[in-house]
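Quick notes on the structure that follows.
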Amino acid sequence: TTAIMATAPVIKANKSEVSYAIANITLFGILSMLIYPYFAHYYFEGQSLFIGLFLGTAIHETSQVAAAGLIYDQQFNSQETLNIATVTKLIRNTFLIIMIPLFAILYNRGKSQKKNYSIINIFPYFVIGFVAMIIIRNIGDQYFSTILNNNWEDTIYVIQSSSKVFLTMAMAAIGLSTNLKDIKSMGYKPFIVGFVGMITVGIVSILTIELYINAFS
């Protein structure tokens, strides 16, 4: 959704096109969120790294990736998979600061009217929080753990437990934001494209992970 809202102005997408895109992300993202954790578990034989990479690359929206990782963690007791999936998706999000200006350049190439697009306006700011937490955790494990003793570990546990609550809230929010009437009114053709896109992204993700496995096995 972040990519859609950031890209729409630079390619001059109209409201119906934005609605189609968001509806596709919502519908097929929810399907992926519910199906992929179980599919990945059996396909990758419970290997946390590969399952996390698959969830983080094959599912479209950040909250849906986090929800899928949470589902997997609750069903198969793998906090590592949740972490890997979330980190993978957030790394994908950082490429928005490269791709969106590129889309603007390609869209406006050869046109007489040029516009400048500020990276500040399109930057996904939640990535800053992600990087900040990485820094805090690494500094804390190295320095705070010796000073605070068990208090640092307790703090980490509280934050991790809280994150599951917030992820559950995000998962519920996805459901609350989904209106089946609105989706139905858009017709079926955009959703055929969305379905093909979902399958294509999933296949590319699997093939890439398989190449990684074969290259380093």
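Highest-first packing order for the peptide set 23-29, 208-214 is 23-29, 208-214, based on the mean count of other beta carbon atoms within 10 Å. A simple spin-label model places pseudo-atoms 7 Å from Cα toward Cβ; at PHE39 and PHE195 they are separated by 1.3 nm.
Peptides 79-86, 198-205 ranked from most to least packed, by the mean per-residue count of other Cβ atoms within 10 Å: 79-86, 198-205.
Among residues other than VAL65 with Cβ under 13 Å from its Cβ, the summed charge is 0 (Lys and Arg +1, Asp and Glu -1).
With contacts taken as Cα pairs under 8 Å and at least 6 residues apart, region 5-96 reaches a relative contact order of 26 percent.
The numbers here are math on the coordinates, done by the rules we state, and not lab data. Computed from a predicted structure; not experimentally measured. Because the Cβ atoms are built from the backbone with ideal geometry, glycine has one as well, and the counts that use them run over all protein chains shown.
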